Amino acid sequence: MEDKKIAVSLRDVSKRFGKVQANSKVSLDIYNGEILALLGENGSGKTTLMNMLAGLYFPDEGQIVINGQEAIIANPRDSFKYGIGMVHQHFKLVDVLTATENIILGLNGKLGKKQAREKIVEICDKYGFDLDPDKKIYDMSVSEKQTVEIVKVLYRNASILILDEPTAVLTPQEVEKLFNVLRKMKADGKAIVIITHKLHEVEELSDKVAVLRKGKYIGTLITKETTIQEMTDMMVGESINLDIERPDPVNPKKRIEVKNLSVVSDDGLKKLDDVSFDINSGEILGIAGISGCGQKELLEAIAGLQKTCDGSSITYIGDDGSKEEIVGMDPLKVSRMGISFSFVPEDRLGMGLVGNMDIVNNMMLRSYRNKGIPGFVERKEPRKLAEDVVNELNVVTPGITTPVRRLSGGNVQKVLVGREIASAPKVLLTAYAVRGLDINSSLMIYDLLNQQKKKGVAVVFVGEDLDVLLALSDRILVMCGGKVSGIIDGRTADKNKVGLLMTKLGGEE
Ligand SMILES: Nc1ncnc2c1ncn2[C@@H]1O[C@H](COP(=O)(O)OP(=O)(O)OP(=O)(O)O)[C@@H](O)[C@H]1O
Ligand SMILES: [Mg+2]
């Protein structure tokens, strides 16, 4: 095999933010014609390291060597000059502009818009992107926005492409498409770095795996020669048990009865179509389905946040057998009844947390809602809650008074999920709870959900990873196109069958 050329070398690169040593003396080589997966727990310094190549941060010490020469990357423009392009965890596009306008933004236009548009179409044809160059960003899905970001990088002839958790926001089908594009780029000789927490993706896509732990470079492995267990152990620094537990249901009783639930969106689309099922206490009900099949609307309806069609009914059944109708109820009242709802959005700061507020204040947003004493804000309890969440979930943060936007992506999310769990609910509705979380933190969240189940909480878990759903759930409700296509026993469920139910109404067609 021919020797591949090094595209970029990082040599003893360090970066500190106040008290946090985000990277310390990291040395890493990135090769042309290779896909390198950059792995590490939340807060281990992956984004920071790559941001130094993108010109967003400047190293405190160390060198970046490109084509054998030291490169000074003081800003994103320098980074482009060196052929580096990065697609960030949070996109940086201008909403009111079209794809084409965004792509040429900041290049004091050698090409007119029409020629630029032609070049964009060419790039899309070459790599197989599905992109309308004239579409405005605000009309785009997350996956389309990501495509714009990637085409933008290619338009600038980048030879080194860095993607920061690109798959966290994509459906399995979109992930497959992206991977095919990345493979084509690799075949073109480009150097590709992908940050991801999904170890199956690392196995499927990458040639090599570089591991960071607590800001330090631990080593590089050849993907074909390693295992998920070895990668995890290297990230964490000790041997981790990767098994997901499934304790027996605890005295399950019907907690919520959903009957003939239908939801129509503002633009007249049927999002939920005559859905009926039960949610039991002391049990985890997993919900499987491709993105947009109605999971979101379902959870929102139960939380009192969705307008439902006539004839829909969601009944809450109390410990004493008393019944209350949730449809039409004020969401605040639903929340006070002990129905807790956390939906981790694609943009983790977009919903549920306020980036500029500290952890304590973000806790208060929730506990204040629970107590509902107007005009009176008790700060002690949220402080305790914040401390508990930080300790129990190992949130990496300088303190509980740190603004949430300063935390790494995964740690932001632990705060979001932890807050809901800490509110001691009767019903815990959670969607995408582990989106963006490292494997160890994910296992911790599954553990927390199991603990809630053992306490008798009715847990509803919407997840993207089928393997996890099959390992964790007592029952799995499979949705397809707004309908329930099956409810199966998690202990005996077959992965292929669930997959089929997700894409068509099993057996009925
Ligand atoms: N601008 C900043 N100001 C202060 N601290 C920061 C800043 N950016 C990152 N940090 C801190 O540096 C450390 C590394 O963060 P970084 O975002 O690089 O982690 P990461 O490996 O990308 O994590 P994740 O997987 O959660 O995205 C964290 O402790 C984080 O809180
Ligand atoms: Mg990151």
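The values are calculated or read from the model by the stated rules, or taken from the named source; none is laboratory data. It should be emphasised that the depicted structure is a prediction, and the values quoted were computed from it without experimental measurement. Ideal geometry is used to build each Cβ from the backbone, glycine not excepted, and the neighbour counts take in all protein chains shown. With ligands, DNA and RNA removed, areas are computed over all heavy atoms of the protein, side chains included. Shrake-Rupley method; radii C 1.70, N 1.55, O 1.52, S 1.80 Å.
Tell me the residue from G294, G338, G268, G282 that is under 27 Å from G456 (Cβ atoms) and modelled with pLDDT under 95, please. Quick ask: steps written out before the conclusion?
Numbers: G294 fails: under 27 Å from G456 (Cβ atoms); G268 fails: under 27 Å from G456 (Cβ atoms); G282 fails: modelled with pLDDT under 95.
When all the criteria are applied, what remains is G338.
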The condition of being more than 26 Å from the chain's Cα centre (by Cα) and either more than 28 Å from N180 (Cα to Cα) or away from ligand 2 (no atom under 14 Å from the Cβ) (or both) holds, among N32, N23, only for N32
If I filter the stretch 182-191 for residues that are loosely packed, with under 13 Cβ neighbours inside 10 Å, more than 16 Å from ligand 2 (Cβ to nearest atom) and among the aliphatic types (A, V, I, L, M), do I get at least one hit? yes
Would you confirm, using the coordinates I've provided, whether E118 is open to solvent by 70 Å² or more (accessible area, probe 1.4 Å), within 24 Å of E34 (Cα to Cα), of a type outside the set (F, W, Y) and more than 16 Å from ligand 2 (Cβ to nearest atom)? no
Return a yes/no flag: does the stretch 9-22 have any residue that is at pLDDT below 95 and aromatic (F, W, Y). yes
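With among the β-branched types (V, I, T) and open to solvent by 50 Å² or more (accessible area, probe 1.4 Å) as the only criterion, which of I314, I290, I302, I326 stands out?
On the way: I314 fails: open to solvent by 50 Å² or more (accessible area, probe 1.4 Å); I302 fails: open to solvent by 50 Å² or more (accessible area, probe 1.4 Å); I326 fails: open to solvent by 50 Å² or more (accessible area, probe 1.4 Å).
Going through I314, I290, I302, I326 in turn, just one is among the β-branched types (V, I, T) and open to solvent by 50 Å² or more (accessible area, probe 1.4 Å): I290.
Quick check on this structure: which one of E201, E174, E144 is closer than 26 Å to L242 by Cα and assigned to a helix (DSSP H, G or I)? Please lay out each step first, then the result.
Details: E174 fails: closer than 26 Å to L242 by Cα; E144 fails: closer than 26 Å to L242 by Cα.
None of the other options fit; the residue is E201.
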Pairs only if they're at least six apart or on different chains, beta carbon under 9 angstrom, first in the stretch 236-247 and of a type in the set (A, V, I, L, M, F, W, C), second in a loop (DSSP other than H, G, I, E, B); list them, first residue then second. V236/E41; V236/D438
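Yes or no, residue by residue, for (1) within 21 Å of I6 (Cβ to Cβ); (2) touching a residue at least 24 places away in the same chain (Cβ under 8 Å); (3) of a type in the set (A, V, I, L, M, F, W, C):
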| position | (1), (2), (3) |
| --- | --- |
| T167 | no, yes, no |
| E174 | no, yes, no |
| F179 | no, yes, yes |
| A191 | yes, yes, yes |
| K198 | no, yes, no |
| V211 | yes, yes, yes |
| K214 | no, yes, no |
| T220 | yes, yes, no |
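Report those strands (runs of 3 or more DSSP E) wholly inside the stretch 399-509 carrying at least 3 residues which are open to solvent by less than 10 Å² (accessible area, probe 1.4 Å).
Output list reads 427-431, 458-462, 475-480.
Please pick out the residue among T196, T171 that is within 24 Å of F80 (Cα to Cα), assigned by TED's automatic domain parsing to the domain that holds L56 and surrounded by 15 or more Cβ atoms within 10 Å (Cβ to Cβ).
Values: T171 fails: within 24 Å of F80 (Cα to Cα).
One residue alone meets the criteria, T196.
Quick one: which of V13, V8 is more than 16 Å from ligand 1 (Cβ to nearest atom), part of a strand (DSSP E or B) and open to solvent by less than 40 Å² (accessible area, probe 1.4 Å)?
On the way: V13 fails: more than 16 Å from ligand 1 (Cβ to nearest atom).
Result of the check over V13, V8: V8.
Conditions (1) on the phi > 0 side of the Ramachandran plot; (2) away from ligand 1 (no atom under 16 Å from the Cβ), marked per residue:
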position: S24; (1), (2): no, no
position: G43; (1), (2): yes, no
position: Q63; (1), (2): no, yes
position: I66; (1), (2): no, yes
position: D78; (1), (2): no, yes
position: Y82; (1), (2): no, yes
position: I103; (1), (2): no, yes
Positions within the stretch 304-331 being out of contact with any strand residue (DSSP E or B) (no Cβ under 8 Å at 6 or more places or on another chain) and not in a loop (DSSP other than H, G, I, E, B), in sequence order: P331
